[in-house]
1. Of these, B:ALA19, B:ALA4, which one is in contact with a helix residue (DSSP H, G or I) (Cβ under 6 Å, 6 or more places away or on another chain) and either more than 21 Å from A:ASP62 (Cβ to Cβ) or without any contact (Cβ under 8 Å) to a residue 40 or more places away in the chain (or both)?
2. Would you tally the residues in the range B:52-66 being more than 7 Å from chain A (Cβ to nearest Cβ) and among the charged types (D, E, K, R)?
3. Against the condition over 13 Å from the mean Cα position of the chain (by Cα), of a type in the set (Lys, Arg) and either buried (at least 17 other Cβ atoms within 10 Å of the Cβ) or at pLDDT 85 or above (or both), how does A:ARG47 come out, does it pass?
4. Taking the conditions exactly as written (free of Cβ contacts under 8 Å to residues at least 60 places away in the same chain and closer than 25 Å to A:LYS81 by Cβ), does B:ALA14 satisfy them or not?
5. Filter the range A:78-107 for residues that are part of a helix (DSSP H, G or I) and modelled with pLDDT under 85 and give the result.
6. Can you tell me how many residues in the range A:76-95 are in contact with a helix residue (DSSP H, G or I) (Cβ under 6 Å, 6 or more places away or on another chain) and more than 7 Å from chain B (Cβ to nearest Cβ)?
7. Does the range B:16-51 hold any residues that are more than 13 Å from the chain's Cα centre (by Cα), within 28 Å of A:PRO68 (Cα to Cα) and facing another protein chain (nearest Cβ under 7 Å), and which are they?
Amino acid sequence: MKHIRSLFIISLFGFLLSLPTGCSFFKPAPIAEGADPVVVNAERAQRSSLDVFRIVTKWEFDNRLALPPEVSQAVDQYRAKFPTAWNESRLALKRYKEVAGTNPNTINSITAALLAAQDSLLKLKQNASPNEVTQVTNALSSLIASLRSFFPSNPIPQPQP
Amino acid sequence: MEFATVIKALQLAAAAAQAAAAAREIALALRASLQQSTPLTPEQNAELDTLASAIFAAPESQPSGR
């Protein structure tokens, strides 16, 4: 049973960036000339993180009866944190547009949506083997690293093992 | 092996397969978002906020209670 649990946990996050392969798959389009990169990058992160939330919660919902409780509980942590973090990031972006200035807190608010996912995923390690923790955190690190180009002067904190 | 155990194993295998499909969907969604090169229009922002509200209110977004 534990082997099967490891299988789907690894499948969920281990395949995150393996299909399709190649760093170029996630190469962001250049920001249009004259466009504010803070706004474009923030909106990219907000759109993608919303998609991730929708897909992950739907997957857990559809397979709930087959999944161990700790997986549902980890996704519940994500459900509890993400909407607030996402809405705060949208509000921060609106405030940024109003004052037309660069505020480091704006970027911190926007990355909070992704970090909310990280926190809930790391809770899996309470009941997971060291190999599972490594694979999950490696997959999440790869995802966050692929978004590093969004914030060249504000590195996104890496998940702690 | 009991029938119930076999069914459970098949359900977990199905969940794993769906996890792989979900991971691919995430990758494609991430790639699509990275193609944005200009700020969203006010209409697009309004649509995004409306979409988020619908997602957060959906049954899939409610606590599992487990």
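1. Result of the check over B:ALA19, B:ALA4: B:ALA19.
2. 0
3. Here the answer is no, as A:ARG47 does not meet what is asked.
4. Considered against the rule, which asks whether it is free of Cβ contacts under 8 Å to residues at least 60 places away in the same chain and closer than 25 Å to A:LYS81 by Cβ, B:ALA14 comes out as no.
5. Residues satisfying the conditions are A:ARG95, A:TYR96, A:LYS97, A:GLU98, A:VAL99, A:PRO104, A:ASN105, A:THR106, A:ILE107.
6. 9
7. B:ALA16
The values are calculated or read from the model by the stated rules, or taken from the named source; none is laboratory data. In this text, all values refer to a predicted model and were calculated from it rather than measured experimentally. As a convention, Cβ positions derive from the backbone with ideal geometry for all residues, glycine included, and neighbour counts pool all protein chains shown.
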